[in-house]
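Let me begin by presenting the structure, written as structure tokens, before commenting on it.
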Amino acid sequence: MQRILGLIGSGNMGQAIIGGIIKAERFLPENIFASDVNEKTLTSISEKYGIKTTIDNNEVARAADILILSVKPHLYPAVIRQIRDQIKQNAIIVTIAAGKAIRETEEAFGRRIKVVRVMPNTPALVGEGMTALCPNDMLTEEEKEEVIHLFESVGKVEVVPENLMDAVTAVSGSSPAYVYLLIEAMADAAVLSGMPRDQAYRMASQAVLGSAKMVLETGMHPGALKDMVCSPGGTTIEAVSVLEEKGLRSAIIAAMKACTDKSIAMTSQK
């Protein structure tokens, strides 16, 4: 019998996961079952992906071998109360909400179950996500690999211990916002120098994309790559000196520390 992948919540992240999994042929469309409160959304994804849909979360919970909870964090308690007596005995529960510790999920279900805490980011929508993944000790090695492969459908995956999940929030989950600020600022500066805005956004975005790819594909230290661009007495080192003077590194470190602290506080308030 084919295993069933279920998703409760079919918003942008849920749809990105569905699309990536189907494209990578991890699951056939007929073996994916999704629910959502928005019937228009369900009609749209059913027509686009050919999957089974319903407005009834319990239908999905009863069918799923792997169940992804793709709803807002504040909805988790209500959704889990609704489905906790409906899930299969050996179902794998995947959570993708910030601040939801594995222990909290287990307690909400009222028993020890197979849980994988996952932190994706929004570039998953274009197949370039960075997902951190932490399974509890109930999963077999084969089950861990299965969940890893699912999220590799929408980008890269790193397995981390749960005590690093707050740092993951800062360096990966929230970081696209920092990069968008950088791109916007770079484009504004180009516009100030007379460049059309749409062209400025394209050039700044491609520069960021290419730079990140250089780090990933060469394996070189970012500092070494930076040095390669900085000719003695040239334009780039002039710009870098201003960024250092204005405290770019310190601002980024402080921002990420604040992000990490907020994530810790959100978890500890439960």
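No lab work stands behind these numbers, since they all come straight from the coordinates. None of the values given here were measured: they were computed from a predicted structure. Glycine gets a Cβ as well: all are built from the backbone with ideal geometry, and neighbour counts include every protein chain shown.
Quick notes on this structure:
- Helix 141-152 axis, angle to the chain major axis (alpha carbon atoms, nearest 10°): 50
- Relative contact order of the range 173-268: 16 percent, from C-alpha pairs under 8 Å at least 6 residues apart in sequence.
- Burial ranking of peptide ranges 100-107, 22-29, 216-223 (average Cβ count within 10 Å, highest at the top): 100-107, 22-29, 216-223
- Crossing angle, helix 39-49 versus the chain [Cα axis fit, 0-90 degrees, rounded to tens]: 80
- Violating pairs (Cα-Cα greater than 32 angstrom) within the set 23/114; 52/213; 40/262; 52/262; 40/100: 52/213; 40/262; 52/262
- The chain - percent relative contact order, Cα under 8 Å, separation 6 or more: 14
- Over the chain: helical MRE at 222 nm, DSSP H runs n ≥ 4 each giving -39500 (n - 2.57), nearest 500: -16500 deg cm²/dmol
- Peptide ranges 198-209, 59-70 listed from the most packed, as the mean C-beta count within 10 angstrom indicates: 59-70, 198-209
- Rough spin-label spacing in nm, given labels placed 7 Å along Cα→Cβ, for residue 2 and residue 90: 2.0
- Average Cα contact separation per residue, the range 126-242, under 8 Å, 6 or more apart, as relative contact order %: 18
- In nm, spacing of pseudo-spin labels at residue 156 and residue 39 (7 Å Cα→C-beta vector): 4.4
- Ranked by how many other beta carbons lie within 10 Å on average, peptides 151-161, 135-145, 110-120 from highest: 110-120, 151-161, 135-145
- The range 5-162 - Rg over Rh from alpha carbon coordinates, Kirkwood radius: 0.92
- Antiparallel %, DSSP beta bridges [both residues in the chain], to 5: 15
- Modelled spin labels at residue 177 and residue 239, positioned 7 Å past Cα toward Cβ, are 2.6 nm from each other.
- Interchain or long-range residues, amide H under 5 Å from residue 129's placed H: 124, 155, 156
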